[in-house]
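Reviewing the structure listed below.
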Amino acid sequence: MNILVTGGAGYIGSITCVRLIEAGFTPIIFDNFCNSKRTVIDRIERITGKRPLLIEGDIRDRTLLDQTLAQHKIDAVIHFAGLKAVGESVAKPLAYYENNVGGTFTLLQALEAAGVRTLIFSSSATVYGDPASVPILEDFPTGATNPYGRTKLMTEEVLSDIVHANPAWSVTLLRYFNPVGAHPSGLMGEDPQGIPNNLMPLIAQVAVGRREKLTVFGNDYPTPDGTGMRDYIHVMDLADGHIAALRHAIGKPGTHIFNLGTGRGQSVLGMLTAFERACGRPLAHTIAARRPGDVAACWADTAKAERELGWTAKLSLEDMCADTWRWQSSNPNGYAD
Ligand code: NAD
Ligand code: WQD
C-alpha cells in the first residue's frame, strides 16, 4: 500500500517512515523542509535499505498535490506536516493558521477530488487544554490555550465535519502526549532548529555541552517533587501507534480518536535524573518560576488504544534517555544540511 506522508522528513514522520517500510508499506514523503533536513532521507535508506520516494513541496500547493495524487495510487495519508512551536504560534498566529489549518484545507480538497479518503492526523494532547483530572480520556472536554493548540482543535473539528458530510471518509485523530527518544541506531532523532522548545532536547543539549544548564520551570506544583509531570512516549512506540492506527483505519469509515501515550506521568526532575544515568554524569540545572500557560500534570488514559488498536507503548524511560543520548552524542549538531 502507498502511504502519502506529509511532513515525513520531520522528527516523528521520518521515524514513522522507517517503521512503515519495515511493516511492508510504501511511504511517499511530501515535505517542504521548513523544519527538517534532506539528509534524513539518506538515514531512512541506511536503516531500511530502501530509499523512500520524496516529493519536495508545500501542502498549500494544490497543483503539486493534484499531480502527486494523479501520479501515485495513494491508499491512505498520514498528515504530520505542520508548525509546532507554541511560543512562535503566539507571536505569529497567522502563519500557524495559514500553514496548519489552511494547509490541511488544501490537502483535504485535493484528497476529496482524488477520492483518497483515509487520513491519520497528528493531533496533540494540547487539545485537552488544562485537564480537570488525570489520566485523560479521549472524551474529556477539549479547549486550547494558544494558537498552535487552536490549529489542532480547528483541524480536528473540520475533519469531523468532513466525515459527517461524507461517511466514506475514515479519519483518525491521534493525540500524542510528549514524544521523546530517537531511533535505537542513533542515526535518527529530533533535530530542533535554533533553541529547542521542549524539555528532552534541552536536557540532551546540556548533556552534550551545547547548553550550560537546564532551567526547571517551577518546583511548586502539586506533584510529588513539585515539578510538572508529563506523559513522555518513545518515538518508536509512537511510530508503531501509527502503523496500528493505519491497519485499523483501512476499510473502517468514521472518526476515530486515540490518545498515544504511556499512561504514566514523569516529573521534570525525574527526567533529568534518568538522563544523568543514561549519559553517566550530573547535569547542571536551576529552578525558575513556572512557565506561563503550563499545566501541573498531563498524562493519558491509553485503554482505548490498547482495546481498539491492540497497541501499547512498550519502551521505558531508560530506553527514551539511552536512545536520545546515542543520537545526540553521535550527532551533536543534528543532521547535516
Ligand atoms: P517536525 O517539525 O519535526 O516535522 C514536521 C514536518 O512538516 C517538517 O519536516 C516540516 O518541514 C514539514 N512541514 C511543515 N509545514 C509544511 C508544509 N506547509 N508543507 C510541507 N511540509 C511541511 O515536527 P514533529 O515533532 O515531527 O511533529 C509532527 C506532527 O506532530 C506535527 O503536526 C506536530 O504538530 C504534531 N505533534 C508533535 C508533537 C511533538 O512534541 N513533537 C506533539 C504532538 C503533536
Ligand atoms: C515538558 C515539561 C515544562 C522546558 C509541549 C506543547 C504540546 C506538545 C508537546 C505539540 C513541562 C518543563 C520545559 C524547560 C522545563 N507539542 N520544562 N524547562 O509543555 O508538555 O508540551 O510539547 O503538540 O502542545 O505545549 O512539553 O517539553 O515544553 O515541557 O522545566 O526548559 O518540562 O514546564 O513541565 P509540554 P515541554
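Among what's in the stretch 77-96 and is away from ligand 1 (no atom under 12 Å from the Cβ) and not hydrophobic (A, V, I, L, M, F, W, C), pick the residue that is modelled with the lowest pLDDT. Reasoning before the result, please.
The first filter runs over the stretch 77-96 and keeps only residues away from ligand 1 (no atom under 12 Å from the Cβ), leaving 77, 87, 90-94.
From what's left, not hydrophobic (A, V, I, L, M, F, W, C): 87, 92-93.
On the way: G87: 95, K92: 98, P93: 98.
So, considering only residues that are away from ligand 1 (no atom under 12 Å from the Cβ) and not hydrophobic (A, V, I, L, M, F, W, C), the one modelled with the lowest pLDDT is G87.
Do you know which residues across the stretch 215-233 are under 23 Å from the mean Cα position of the chain (by Cα) and either of a type in the set (F, W, Y) or within 25 Å of N35 (Cα to Cα) (or both)?
If the condition is that a residue be under 23 Å from the mean Cα position of the chain (by Cα) and either of a type in the set (F, W, Y) or within 25 Å of N35 (Cα to Cα) (or both), then F217, R230, D231, Y232, I233 are the ones that fit.
Please verify whether the stretch 194-210 includes one or more residues that are more than 25 Å from I287 (Cα to Cα) and crowded, with 19+ Cβ neighbours inside 10 Å. I'd like the intermediate steps shown before the answer.
Narrowing the stretch 194-210 to residues more than 25 Å from I287 (Cα to Cα): none.
No, the stretch 194-210 has no match at all.
What tally of residues in the stretch 251-290 results from selecting those that are more than 17 Å from T324 (Cβ to Cβ), within 15 Å of ligand 1 (Cβ to nearest atom) and not β-branched (V, I, T)?
Qualifying residue count for the region: 4.
Would you mind stating whether I59 is assigned to a strand (DSSP E or B) and over 24 Å from W327 (Cβ atoms)?
On the way: assigned to a strand (DSSP E or B): no; over 24 Å from W327 (Cβ atoms): yes.
So I59 does not fit the description; no.
Which is within 16 Å of ligand 2 (Cβ to nearest atom), among the aliphatic types (A, V, I, L, M) and touching an Asp or Glu at 6+ places or on another chain (Cβ under 9 Å), of A91, A81? Please lay out each step first, then the result.
Numbers: A91 fails: touching an Asp or Glu at 6+ places or on another chain (Cβ under 9 Å).
Going through A91, A81 in turn, the sole match is A81.
The values are calculated or read from the model by the stated rules, or taken from the named source; none is laboratory data. Only a predicted model underlies this, so the values are computations on that prediction, with no experimental measurement involved. Note that we place each Cβ from the backbone using ideal geometry, even for glycine, and neighbour counts take in every protein chain shown.
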